[in-house]
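Below: the structure, in structure tokens.
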Amino acid sequence: MRADAEALTCQTRRRLMALGALTAFAFGTPGVAATSESGAYPSRAITIVVGGPPAGGTDFIARLVADNLARDLKQSVVVENRAGASGLIGAKHVQKAAPDGYTFLMGQAATHAILPALQSQPAYDAVKDFTPISLIATAPEVLVVDSDSPIKSVADYIDYAKQHPGKVSYGTPGVGQPQHILGERFAKATGTDLLHVPYNGSGPALTDLVGGRLVSMFVTPGAVMPFIRDGRVRALAVSSKERSALMPDVPTLAESGLQNVDQTGWFALFAPAGLAADRKLAMEKAVMKVLANPEVKHKLTGAYVEPGTISPADFAAFHQSEVAAFSDIVGGLKLQLNN
């Protein structure tokens, strides 16, 4: 009887150990399946999604940040391009991702302020559906014409547009992009009837501008600066409140007589809503360290964007103000995109 009892006890112990192992496998216990998530963050590769194609401005900024984050965090940081719908496809992908600190979006004014305001049924809430991490860079828009154009100033441009209503074209990288909104604001402020011609990116539009098929463009400095430097394109004004350090010789729209039409584009890192506070703080610190790196600053200014200088907390407030501002601007312009 005693031997039978001892055998039964051993059998019971083996069954309990087996059950414990199965439970650890199925649900994760400290030191077994959950080690990778409960340990130091990050413990695996991080992905930064870009809602545009490779080699674009947003892609360049994302890859610069990713390379330096990888070095500082001692983990791989990969850039994943999910282009389409002016950035909405990439933004929606990140919106639906797990808020675990391993998926981020290199967002911009279009994806996180303008496009939701343009849609009758927004694809997402730019504030509630994302966790803001940090502002990365800013850049004004530039009003340019072909160097052979008789238009020498903003005043000339306005006069020319009024003499040719509905025929003065301006190219942009696409419907709903900041350049499109700025063009509409410019037309309303000056009482002109401009013709918007959207392209799939700034490159094709610049080709048509220097080829005489476009009258003008609203474009980012990074895209147009090579054309300005070699004399193919003339810059009339920048859209920032003050002259840009990137183009100090070019006047602002305000200096050219247009008040309250200033507008600055921006790029920023976002995570899905619900990111844990400790991982949010860890990524904020990592990004701020990257932006403080002189080499990173040099490369950003070399690409004709200005490194972000505000804190993550200030960026969250800035983002909400941009969402509210563009909601009012789009409403005032009576613009809307069909879903």
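Annotations for the structure displayed:
- For A316: the one exception among (1) under 14 Å from A113 (Cβ atoms); (2) surrounded by 14 or more Cβ atoms within 10 Å (Cβ to Cβ); (3) modelled with pLDDT under 95: (3)
- In the set E306, E284, E242, only one residue is within 30 Å of K96 (Cβ to Cβ), of a type in the set (D, E) and in contact with a Ser or Thr (Cβ under 9 Å, 6 or more places away or on another chain); that residue is E284.
- Candidate set from the stretch 189-207 (those that are part of a helix (DSSP H, G or I) and of a type in the set (S, T, Y)); member that is surrounded by the most Cβ atoms within 10 Å (Cβ to Cβ): S202
Matching residues to (1) closer than 30 Å to Q121 by Cα; (2) at pLDDT below 95:
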residue: V238; (1), (2): no, no
residue: S244; (1), (2): no, yes
residue: E255; (1), (2): no, no
residue: F267; (1), (2): yes, no
residue: A273; (1), (2): yes, no
residue: A282; (1), (2): no, no
residue: P294; (1), (2): no, no
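- Lone qualifier among T301, T309 - being in a helix (DSSP H, G or I) and open to solvent by 40 Å² or more (accessible area, probe 1.4 Å): T301
- Test set (1) at pLDDT 95 or above; (2) under 13 Å from L105 (Cβ atoms); (3) not charged (D, E, K, R) - G52 fails condition number: (1)
- Note on the stretch 84-105: residues that are in contact with a strand residue (DSSP E or B) (Cβ under 8 Å, 6 or more places away or on another chain), in a loop (DSSP other than H, G, I, E, B) and open to solvent by 30 Å² or more (accessible area, probe 1.4 Å) total 3.
- For the stretch 35-49, the candidate set comprises residues that are open to solvent by 50 Å² or more (accessible area, probe 1.4 Å) and of a type in the set (S, T, N, Q); within that set, the residue that is modelled with the lowest pLDDT is T35.
- Residue check, L269 of a type outside the set (F, W, Y), without any contact (Cβ under 8 Å) to a residue 12 or more places away in the chain and touching a helix residue (DSSP H, G or I) at 6+ places or on another chain (Cβ under 9 Å): no
- Yes/no for S256 being hydroxyl-bearing (S, T, Y) and touching a Pro at 6+ places or on another chain (Cβ under 7 Å): no
- Filtered by the rule that a residue be outside any strand (DSSP E or B) and closer than 30 Å to P312 by Cβ, the stretch 129-148 gives D129, E141.
- Hits in the stretch 250-264 - residues which are among the charged types (D, E, K, R) and within 27 Å of the chain's Cα centre (by Cα): D262
- Matching residues in the stretch 240-282 - criterion: being more than 30 Å from K92 (Cα to Cα) and not in a loop (DSSP other than H, G, I, E, B): T252
- Search result, residues across the stretch 214-241 that are free of Cβ contacts under 8 Å to residues at least 24 places away in the same chain and closer than 24 Å to D159 by Cα: K241
- Whether a residue is touching a Gly at 6+ places or on another chain (Cβ under 7 Å) and within 18 Å of D72 (Cα to Cα) was assessed, and M288 does not pass this test.
- Filter result (out of contact with any helix residue (DSSP H, G or I) (no Cβ under 9 Å at 6 or more places or on another chain) and either closer than 18 Å to K96 by Cβ or open to solvent by 40 Å² or more (accessible area, probe 1.4 Å) (or both)) within the stretch 120-141: S120, Q121, K128
- Residue in the stretch 166-188 that is open to solvent by 40 Å² or more (accessible area, probe 1.4 Å), at pLDDT 95 or above, farther than 26 Å from V330 by Cα and touching a helix residue (DSSP H, G or I) at 6+ places or on another chain (Cβ under 7 Å) present: no
- Picking from residues in the stretch 149-165 that are of a type in the set (V, I, T) and in a helix (DSSP H, G or I), the one that is most open to solvent (accessible area, probe 1.4 Å) is I158.
Residue-wise test of (1) modelled with pLDDT under 95; (2) of a type in the set (G, A, S).
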site	(1), (2)
V65	no, no
A70	no, yes
V79	no, no
A85	yes, yes
H93	no, no
G107	no, yes
A110	yes, yes
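The values are calculated or read from the model by the stated rules, or taken from the named source; none is laboratory data. Keep in mind that this is a model prediction, so the values were computed, not measured. Every residue, glycine among them, receives a Cβ derived from its backbone with ideal geometry; neighbour counts consider all protein chains shown. We work out accessible area using only protein heavy atoms, side chains counted, and drop any ligands, DNA or RNA first. Shrake-Rupley method; radii C 1.70, N 1.55, O 1.52, S 1.80 Å.
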